[in-house]
């Protein structure tokens with residue numbers, strides 16, 4: 001009884017660490033607002049609200065002329081192709097780097113592979129795109145390279161961690177039975193990690209669709225480049241059509257990818 005009473009008293013006692021962490025976060029948020037000097041009164045002033053309402057009204061009605069819709073559909077297809085090809089290249093690169101990153105080839109190669117993966121994913125896609133535009137020129141190829149480089153770092157980390165957690169018994173049994181290293185991995189470990197890898201790939205592809213649209217702002221082609229062009233010329237009606245196409249494209253890909261991942265759920269649950 002005494003033990004139970006002491007446990008109840010301990011549970012009812014305030015969590016000093018939780019209180020301290022909450023206070024520290026609140027202080028950091030308040031300090032951020034003070035440091036940035038954000039003036040919410042000016043943001044919600046009548047003049048500011050009127051200017052924002054006028055700006056939003058200029059986007060309506062969107063340009064739905066057949067010629068511009070055809071041009072927008074081509075830009076959406078280009079954005080989709082950039083995201084798909086960039087994700088596919090990253091899938092191959094991430095899988096190759098995941099093998100040494102999981103420690104399969106010794107500590108030295110593991111550290112080197114993890115350093116490369118950290119470097120690739122620490123550089124944002126927009127920075128990679130700016131560099132690739134300088135290296136490969138304006139156009140969708142720069143977007144493909146930018147997405148592939150950053151996503152390779154993400155995939156390599158995720159795939160490597162999956163490999164580290166997979167049971168070693170199936171692959172070891174195949175090796176002891178006389179199978180080669182490649183065949184043992186292909187038939188022993190790969191079937192265990194492939195559903196999870198595919199789920200990661202589909203989820204990341206959803207993110208790359210959005211990022212491929214943004215990369216156009218630095219000249220990487222697709223809908224983003226169209227949006228930047230029309231906004232620069234203050235052609236809000238055309239920009240509204242491009243924004244709508246972005247929404248439709250992301251919605252379609254998100255829905256299809258979510259269904260595929262739900263179908264894979266029993267395989268890796």
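Read the figures in this text as sums done on the coordinates, not as results from a lab. A quick note: this is a predicted structure, and the numbers were derived from the prediction, not measured. Neighbour counts are summed over all protein chains in view; Cβ atoms, including those assigned to glycine, are modelled from backbone coordinates with ideal geometry.
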Rounded to one decimal in nm, the spacing of the 7 Å Cα→Cβ label points at residue 135 and residue 179 is 3.7 nm
Length gained if residue 126 through residue 203 is fully extended, taking 0.36 nm per residue and subtracting the Cα-Cα distance, is 25.8 nm
Taking a crude spin-label model, label points 7 Å out from Cα along the C-beta direction, the residue 233 to residue 119 distance in nm is 4.2 nm
Out of 220, 108, 26, a Gaussian network model of the chain with alpha-carbon springs under 10 Å gives the largest mean-square fluctuation to 26
Volume per residue (Å³) of the convex hull spanned by the alpha carbons of the chain is 262 Å³
The distance between the Cα centres of segment 180-219 and segment 89-129, in whole Å, is 13 Å
If one builds a Gaussian network model of the chain from Cα atoms under 10 Å apart, the most fluctuating residue listed among 131, 198, 34 is 34
In Å, the Kirkwood hydrodynamic radius from C-alpha pairs for segment 199-265 sits at 12.7 Å
Computed, not fitted: 222 nm per-residue ellipticity of the chain from DSSP H runs ≥ 4 (each -39500 (n - 2.57)), nearest 500, equal to -27500 deg cm²/dmol
Final fewest-first order of 201, 151, 79 on the 10 Å Cβ neighbour count is 201, 151, 79
Ranked on Cβ counts within 10 Å of their own Cβ, fewest leading, 54, 71 go 54, 71
Two pseudo-spin positions, 7 Å from Cα along C-beta at residue 108 and at residue 161, lie apart in nanometres by 2.8 nm
If 206, 161 are placed from fewest to most neighbouring beta carbons inside 10 Å, the sequence is 161, 206
Hits in segment 200-242: amide N under 15 Å from the 7 Å Cα→Cβ extension of residue 69, namely 238, 241-242
Which of 188, 221, 75 fluctuates most in a GNM of the chain (C-alpha springs under 10 Å)? That residue is 188
With the 8 Å Cα cutoff and a minimum separation of six or more residues, the chain has a relative contact order in percent of 24 percent
Taking 0.36 nm per residue of separation between residue 55 and residue 39 and subtracting their Cα-Cα distance, the length gained on full extension comes to 3.7 nm
